[in-house]
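A.B. asks: Below you'll find the structure I mean.
The values are calculated or read from the model by the stated rules, or taken from the named source; none is laboratory data. Predicted model only: the values in this text are computed from it and were never measured. Neighbour counts run over all protein chains shown; Cβ positions are idealised from the backbone, glycine included.
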Amino acid sequence: MDKQLLILQEELDRLAQRADTEAGIEFWFARDLQTPLGYTRWENFITAVQKAITSCKETGFLETDHFRGVTKMVPLGSGSERAVDDFMLTRYACYLIAQNGDPRKVEVAFAQSYFAVQTRKQELIEERMQLQARLEARDRLKESEKALSQNIYERGVDDAGFARIRSKGDAALFGGHTTQAMREKYGIVKARSLADFLPTLTIAAKNLATEMTNHNVQQADLQGEPSVTREHIQNNVSVRDMLVQRGIKPEELSPEQDLQKLERHVKKQEKKLGRTAVGLPGTSAEDADQCNS
């Protein structure tokens, strides 16, 4: 694991609190997590917390079991103290905050996996981070392809034309191998998308070429299927050339597990995390203050 992530894991481990109960309930304080999750201002972090509380409600769980408002005393430079608002958070609450945080922050991406994995084993966290990266890459490709489809529809290209353009782009990226040829190579049934079985690198390559096409179609005001096809082929050739220069041939990379199945597995695990999550200790202000002391 990357050194930065190891340090972050150690920090999150250290920040875990243990309630003085027989169950040994584990929880975190929101203000303790603010900095490790890459937020410099409480005002920004509290937005992610509030979104997480909403997500908890929508999932059907009682938010007070996982989020509890408390008051903490923090020292001032003068030696005095002042009261600040904070939250006690279960592991599930921390997971929801990470899910509603800024995914561009590496700390947030790591925290999503850290709080989802009960055992905290490095290899499990790394495995889940890799899966999340692949899912996010697939979602970005879907969005860029959707944007391109809408863009060129306004320029005289229908859905069938878009499918042809995308297929020819695939052939350029995969060194002459068509979409169908890659499906056969990977053993993918016709009804399924090739991208659901591609490694993260290849998905990212397809996305880059698609984004380039979308940009240039607008900048050059390209009209009609032939001109858009030429543009998309050239962009895929350019991306392929860059990869080949680094010793990577997309058509030679091994397929990955079916993303649809993996996504269902992740959602199942998320629901399981919510169902098995242990609620915060006690319900009264006195109990909260005891945990805060």
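A.B. asks: Just for segment 217-236: of the residues that are among the hydrophobic types (A, V, I, L, M, F, W, C) and surrounded by 16 or more Cβ atoms within 10 Å (Cβ to Cβ), which one is nearest to D170 (Cα to Cα)?
C.D. replies: I233
A.B. asks: Taking R31 as the residue in question, decide whether it is loosely packed, with under 12 Cβ neighbours inside 10 Å, out of contact with any Ser or Thr (no Cβ under 6 Å at 6 or more places or on another chain) and modelled with pLDDT of 85 or more. Lay out the reasoning, then the answer.
C.D. replies: Working: loosely packed, with under 12 Cβ neighbours inside 10 Å: no; out of contact with any Ser or Thr (no Cβ under 6 Å at 6 or more places or on another chain): yes; modelled with pLDDT of 85 or more: yes.
When the stated conditions are applied, R31 does not pass them.
A.B. asks: Working carefully through the options L141, L173, L201, find the one that is assigned by TED's automatic domain parsing to the domain that holds E251 and surrounded by fewer than 18 Cβ atoms within 10 Å (Cβ to Cβ). Step through it out loud before you land on a result.
C.D. replies: Values: L141 fails: surrounded by fewer than 18 Cβ atoms within 10 Å (Cβ to Cβ); L173 fails: surrounded by fewer than 18 Cβ atoms within 10 Å (Cβ to Cβ).
Of L141, L173, L201, the one residue that is assigned by TED's automatic domain parsing to the domain that holds E251 and surrounded by fewer than 18 Cβ atoms within 10 Å (Cβ to Cβ) is L201.
A.B. asks: Using beta carbons and a limit of 8 Å, which pairs, at least six apart or on different chains, have the first residue in segment 194-210 and under 14 Å from S238 (Cβ atoms) and the second one of a type in the set (V, I, T) and crowded, with 24+ Cβ neighbours inside 10 Å?
C.D. replies: Listed by first residue and then by second, the contacts come to nothing, as the list is empty.
A.B. asks: Here is a follow-up. All but one of (1) more than 23 Å from the chain's Cα centre (by Cα); (2) crowded, with 19+ Cβ neighbours inside 10 Å; (3) part of a loop (DSSP other than H, G, I, E, B) hold for G38, so report the exception by its number.
C.D. replies: (1)
A.B. asks: Here's another thing I want to ask about it. Could you please tell me which pairs satisfy a Cβ distance under 9 Å, a separation of 6+ or placement on different chains, a first residue in segment 76-92 that is among the charged types (D, E, K, R), and a second residue that is part of a loop (DSSP other than H, G, I, E, B) and loosely packed, with under 10 Cβ neighbours inside 10 Å?
C.D. replies: Within 9 Å, the pairs are R82/L76.
A.B. asks: Assess whether R230 counts as being more than 22 Å from A181 (Cβ to Cβ), of a type in the set (D, E, K, R) and either touching an Asp or Glu at 6+ places or on another chain (Cβ under 9 Å) or in the same structural domain as T179 (by TED's automatic domain parsing) (or both). Before you say what the answer is, go through the steps one by one.
C.D. replies: Working: more than 22 Å from A181 (Cβ to Cβ): no; of a type in the set (D, E, K, R): yes; either touching an Asp or Glu at 6+ places or on another chain (Cβ under 9 Å) or in the same structural domain as T179 (by TED's automatic domain parsing) (or both): yes.
In short, no.
Residue-wise test of (1) in contact (Cβ under 8 Å) with a residue 12 or more places away in the chain; (2) closer than 25 Å to V217 by Cβ.
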| position | (1), (2) |
| --- | --- |
| M129 | yes, no |
| A137 | yes, yes |
| A147 | yes, yes |
| A160 | no, yes |
| G169 | yes, yes |
| F174 | yes, yes |
| T178 | no, yes |
| E184 | no, no |
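A.B. asks: Please tell me if E63 is exposed (fewer than 14 other Cβ atoms within 10 Å of the Cβ), in the same structural domain as G279 (by TED's automatic domain parsing), of a type in the set (D, E, K, R) and within 23 Å of K272 (Cβ to Cβ).
C.D. replies: no
A.B. asks: Test E58 against the criterion of being out of contact with any Gly (no Cβ under 6 Å at 6 or more places or on another chain), among the acidic types (D, E), more than 30 Å from E225 (Cβ to Cβ) and assigned to a helix (DSSP H, G or I), and give yes or no.
C.D. replies: Details: out of contact with any Gly (no Cβ under 6 Å at 6 or more places or on another chain): yes; among the acidic types (D, E): yes; more than 30 Å from E225 (Cβ to Cβ): yes; assigned to a helix (DSSP H, G or I): yes.
Yes: the conditions hold for E58.
A.B. asks: Within the set of pairs 6 or more residues apart or between chains, which connect a residue that is within 16 Å of L33 (Cβ to Cβ) and in the same structural domain as V106 (by TED's automatic domain parsing) inside segment 3-19 to a residue that is of a type in the set (D, E, K, R) and assigned to a helix (DSSP H, G or I) with Cβ atoms less than 7 Å apart?
C.D. replies: L8/E107; L15/D32
A.B. asks: For segment 52-74: of the residues being within 17 Å of A98 (Cα to Cα) and out of contact with any strand residue (DSSP E or B) (no Cβ under 9 Å at 6 or more places or on another chain), which is modelled with the lowest pLDDT?
C.D. replies: In this case the residue turns out to be T59.
A.B. asks: Check E127, E123, E143 and return the single one that is assigned to a helix (DSSP H, G or I) and either at pLDDT 90 or above or of a type in the set (F, W, Y) (or both).
C.D. replies: Numbers: E127 fails: either at pLDDT 90 or above or of a type in the set (F, W, Y) (or both); E123 fails: either at pLDDT 90 or above or of a type in the set (F, W, Y) (or both).
Going through E127, E123, E143 in turn, the sole match is E143.
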